[in-house]
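Only one structure is covered here, and it is reproduced in the block below.
Computed from the coordinates by the stated procedures, all read-outs in this text should not be read as laboratory data. Just so you know, these numbers come straight off a predicted model, no measurement behind them. Glycine gets a Cβ as well: all are built from the backbone with ideal geometry, and neighbour counts include every protein chain shown.
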Amino acid sequence: MGDWKSQLADVDDDYLIGIANKGIVKRAYKDKEEGNYKVLSLDAEAEVSVGGEKVIIRMPLGESRCSCPSRSICRHVVLGILALKENAGEEPGQVQPEEGKNILASKLMEEIGAYPDALLCRTLGSRHLQGILEQKKASRIPPITYASVITVELAEMGQTVKLLSPLEHSSCTCHRKDLCVHKAAALLWCKLEKEMSRAEELEGEGGLGEPSFDKGQIKEAARQMKSFLEELIHTGLARVSPDVTDQMERFATISHNAGLAEFEGYFRALQDSYGNYFARKASFCTKTLMEQFSRLYRRAELLLGAESDKEIAGLAGEFKAEYFPAGTLELTGIAVEHFESQTGYEGETVYFLEENAKEWYTYTWARPVFYEDAKRRGRQERARAPWGVPLSLEDMAGARMKLTGARCDSRGRLSASQETKGELQGSRGKEKRLYVKDLGGWYYRDFGKLFTERIGNRKVSWLKKREDGKRETELVFLRPAFCQKAFFSETEQKLYMSLYDEKGKEVVIEAAYSKKEAWGIRYLERIKEENHPCFLGKIYLREGRIRMYPVAVFEKGEVLEDENDG
């Protein structure tokens, strides 16, 4: 019995629940009270009689079998194990944590550490692996309970995994016996948390970020783009024919068919600028046109010289963002912005602040309008909120909601996935007030600090507006000490307004005129110098001055320093 005693010394109730389940273990203890069991033999395999059934106990215990019809670890097998422990003079379920329990836990961690990363990455695939790496970067680690059985709660996948030694006897609530994607995720999470694996080394596994391209098609498209742009610059702006916009539309279509998302957008933006030039619109800017032209030409050159799929992918961009699990989010709707992009889309973007992490998230509803006549475009039917929330998109500003199973991309853009469920928690308050303590580090009264934290340390390549993979949303709340009355430039068709902090540092409000934003411009023009509203907007640096594109303006009393204000 000595050998069986040592082998069973580290088997506790957690382990038994791991190879069976809590209900079966509880039933086995109840059957034990009846005493209808007997240990028959103790050899390489132990034989135990349990009721009218014959149980064979083997090591590892997950391979034990019973004469009953059950194909898994049944109550008879669990009772047989309890009977052997009792024969060895142990009280079932009572194991010294420093001895037995730690032996199994240590052995299990050794097996997890030795499990090959390559196999886990292949099982997970690119999408799930990238999701785990994104969660790890954001420090969103699932709940993991370490004991003789390691329990990993994969809320984003909707499954619970129990890892036990040997690993092939681990279980998952999806009921698959082999290495399922959930078990692979659980193993990888344990390795990442215990620093047995490094996220940086896993980036190259599983074929991440390297889609396959038709290189012949890509090279031909790049050659045609480069030739077209060279001809365009030789012709000059004054002599160019209005039908050049049709040729740009053709190149946008070529880019789309070749999987070159960034190039499609660049050609549509260039088409829009040339359209403004031919229409003699005040919003046309030669400098902007040349920046677009130069960026597109240089990228076409780089595309022509790209050799690997990875190089092409870096230039091509993505048509559809890759969404990853974000867990449960507590969101407060802050503002809704209508947009008309140069790339041929219009719609609304809702901006949310996450209450716990104090991070920005967005949801965008957009529709293509590049084939529509601009004169026929009208206000569309009010879009509905996603996630089953009973609101219109516009009413989400001011609402508080809880998202379960949320998914977002690396820039904080939320997916409208049907798997995500939204629960309305109410509004920000009867008067829809915001308190500075809830705004994290996004509220500024010191514009020098604003520059240091949000602009001064940022390096952006001229080839792309954002190369660093960080979130594109850089909304901030600005509370000026005083402001100058806004004025509208008829020649530029833009509104300008200067905001100043207590030290006299300036931020310039800048908004281009459009029919959709005419009401906002009229509102800003009515703000008087003695009024000190709080501005929400996107900041950027141009010509040595901090500028803001306004998204919303909160009047006095809507954004409070503390709950005693107002």
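With R₀ fixed at 22 Å, the C-beta to C-beta distance from residue 200 to residue 167 puts the FRET efficiency at about 0.30.
Pairwise Cα distances in the stretch 225-278 exceed 13 Å in 58 percent of cases. Taking Cα centre as origin and charging only the Cβ of basic (Lys, Arg, +1) and acidic (Asp, Glu, -1) residues, the dipole magnitude of the stretch 106-207 rounds to 260 debye. Maximal additional length on extending the residue 67-residue 310 stretch stands at 81.8 nm, based on 0.36 nm per residue less the C-alpha distance. The string of couplings for the stretch 477-482 from the Karplus curve (6.51, -1.76, 1.60, θ = phi - 60°) is 9, 10, 10, x, 6, 7 Hz, one whole number per residue in order, with x for Gly and Pro. Extension gain for residue 257 to residue 445 (0.36 nm times residue separation, less C-alpha to C-alpha distance): 62.9 nm.
Maximal additional length on extending the residue 419-residue 558 stretch stands at 46.6 nm, based on 0.36 nm per residue less the C-alpha distance. Once you have the Kirkwood Rh of the stretch 148-261 from its Cα pairs, apply Stokes-Einstein at 20 °C and 1.002 mPa s and quote D in µm²/s. Rounded to a whole number, D works out at 112 µm²/s. Modelled spin-label separation between residue 339 and residue 155, with each label point placed 7 Å from Cα along the Cα-to-Cβ direction: 2.9 nm. Under 5 Å between amide hydrogens, built in the peptide plane, is the criterion, and for residue 391 it picks out 385 among residues at least 5 positions away or on other chains.
Considering every alpha-carbon pair of the stretch 106-207, the percent of pairs per 10 Å bin, from zero through the bin containing the longest distance, is 16, 55, 29, 1. Along the stretch 167-179 the Karplus relation, 6.51 cos²θ - 1.76 cosθ + 1.60 evaluated at θ = phi - 60°, assigns HN-Hα couplings of 4, 5, 9, 5, 10, 9, 5, 7, 6, 6, 8, 8, 6 Hz to successive residues, with x for each Gly and Pro.
Scalar couplings 3J(HN,Hα) for the stretch 277-284, obtained by applying the Karplus form with A = 6.51, B = -1.76, C = 1.60 to θ = phi - 60°, are 5, 5, 7, 6, 7, 5, 6, 5 Hz; x denotes Gly and Pro. With 19 Å as the limit, the listed pairs 194/402; 402/538; 183/402; 281/494 have 194/402; 402/538; 183/402 beyond it between alpha carbons.
Semi-axis lengths, largest first, of the ellipsoid equivalent to the stretch 215-316 are 25, 12, 12 Å, with √(5λ) applied to each eigenvalue of the Cα gyration tensor.
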